[in-house]
1. Below 22 Å, Cα to Cα, which lysines can Lys16 reach? Residues fewer than 8 away in the same chain don't count.
2. Test of the criteria: in segment 97-203, which GluC sites (Glu not before Pro) are in a DSSP loop and have at most 11 other Cβ atoms within 10 angstrom of their Cβ?
3. Counting only DSSP beta bridges with both residues in the chain, tell me the antiparallel percent, nearest 5.
4. Between Asp154 and Leu334, what length comes free when the chain is fully extended (0.36 nm per residue of separation minus the Cα-Cα distance, one decimal in nm)?
5. So, in nm, how far is label Glu405 from label Trp367 when the simple model puts each one 7 Å beyond its Cα toward the Cβ?
6. Counting Lys +1, Arg +1, Asp -1, Glu -1, what net charge surrounds Gly376 among other residues with beta carbon under 10 Å of its beta carbon?
7. Using the count of nearby Cβ atoms within 10 Å as a rough guide to exposure, how do Lys400, Lys240 rank from fewest to most?
8. Taking amide H atoms as placed 1.01 Å from N in the peptide plane, list the residues 5 or more away in sequence, or in a different chain, whose amide H sits under 5 Å from that of Leu251.
Amino acid sequence: MSWTHAFDGSPDAELKSTLPSDFHWGFATAAAQVEGAWNKDGKGESIWDRFCHTPGKVKDGSTNEDATCAYDLYKQDVTLMKSFGVTAYRFSLAWSRLIPLGGAEEPVNETGVEYYNNLIDELVTNGITPFVTLFHWDTPQALEDRYGGMLNQDKYTTDFVRYARLCFERFGDRVKHWITYNEPGVYTLAGYAAGVHAPARSSFRDRNDEGDSSTETFIVAHTELVSHAHAVKVYREVFKEKQGGQIGITLHGNYSEPWDANDPKDVAAAQRAREFEIAWFADPIYGHGDYPRSMRDQLGNRLPSFTDEERALVKGSSDFYGMNTYTTFFVRHLDGPADINDHLGNVEKLDTNSEGKSRGAESDTYWLRTAPEGFGKLLRWIWDRYHVPIYMTENGTTAKGEHVEAPPPERVLNDTFRVEFFHSYLRELARAVQDGVDVRSYFGWTFTDNWEWAAGYEDRFGCTWIDFKSEHKTRYPKRSSYFLRDYFRHLIKGT
Ligand code: GBH
């Protein structure tokens, strides 16, 4: 099925040609969620391979052994993306495919290098600009085993920087848009505070054998910031002049609205929540060069301190603000001292506000609701606070009723709920650009249904439906793919 006119420009005439002609749009993916080939052609084990082979960790008991078979089907995928008219594709490299044991002294897997060379060449030949993420959560298991991964800042940083350098050397002639980390906050919050993602550590012994949510969460975040900055330094000193690319980081962040907008304590709580979630990483990089005051006040010495050298290195270490966002929460202040394992800023997150208003229409994912207004506010909040160009690197939704047997019925492929999500968010994006916010890209999450981490194959975020039971993971485009194609034609100048 194909939708030739998935968007008819008449309703949004005032937004026509709002985005500059060099605006990039496309889809984003992550290696562990799509590639499959988890142990093929010399790939080493990652912490997500270990996690999903541990019984009880993934909701549907699935593994990512095959995922969408993107490793084998990359040519078909590039052809499909091209048919949607994308100008760019954001994907991540699997560290353990390139350096199976991860470490700075360990051998390179040339078959892995060849795979990414082929993928990059295929994209470039088809006129699609690659945006490459070095790290989307899949730490080599060997580094976790050897020294505790990111808990060991010095050893880890040496290894990460060598990995980054390898990528710049081998792919930097064609890759001009680098992202060091995807959502360092989610990596540590889910992996070390909640313990529901790899490497599955936390204070909660019913869930995890080891870990300390009250300290490790912040130590790992510090390692991410410092190792990111070291990799950027290498890029800028050794590669940038010759290769002419840009490098930055992608942060997660949802919008927080006060539960009771008339209660100054809730207004303060919402700001504090935004700081704990976003400014935790963004202030050291784009702001005053240190963690937010609100975090220091609550966490004291459990929040690491930057040495002078680290502060100087981290500050200014991103050429752009890579932004992933999905939804909005209502936030209510809590009275009394914060729990030792709190990482939200001593607040509770709610689905409705004091007037009973819902934060948005429910998707098929418990935390995600359609909330375009909050998105518009968040774009302005980030722009006002940091004033750096914003690259939207992820945004999208699941929709109820898509987890069905093949072939998917018409009502699944005609994914009105997702189309409305994209439409409402993109309107907000275009309006923010009209107001002067500098937004330079938009990547929908995600290209096809994929392996949604601990949620397995049940949460379908794709703009293309996948028959995971079929031998070749048959792809069925949903209407949202064509909607994005047509709507970006409307929004981008000269297209
Ligand atoms: C992104 O993470 C990832 O980059 C991507 O790999 C993933 O597939 C995609 O989003 C969709 O999930 O406090 O209980 O309300 C977003 C991760 C998940 C972070 C939900 C915030 C809030 C959980 N987000 N989480 S809760």
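Just so it is clear, none of the values below were taken in a lab; they were calculated from the coordinates. None of the values given here were measured: they were computed from a predicted structure. Note that we place each Cβ from the backbone using ideal geometry, even for glycine, and neighbour counts take in every protein chain shown.
1. Lys377, Lys493
2. In loop regions of segment 97-203 (DSSP not H, G, I, E or B), the sparsely surrounded GluC sites (Glu not before Pro) are Glu105.
3. Bridges in the chain that DSSP calls antiparallel: roughly 25 percent.
4. Between Asp154 and Leu334, full extension yields an extra 61.1 nm.
5. Result: 3.3 nm between the two label points.
6. +1
7. Ordered from fewest to most neighbouring Cβ atoms within 10 Å, Lys400, Lys240 come out as Lys400, Lys240.
8. Distant-sequence amide H within range of Leu251: Glu183, Gly322, Met323, Asn324.
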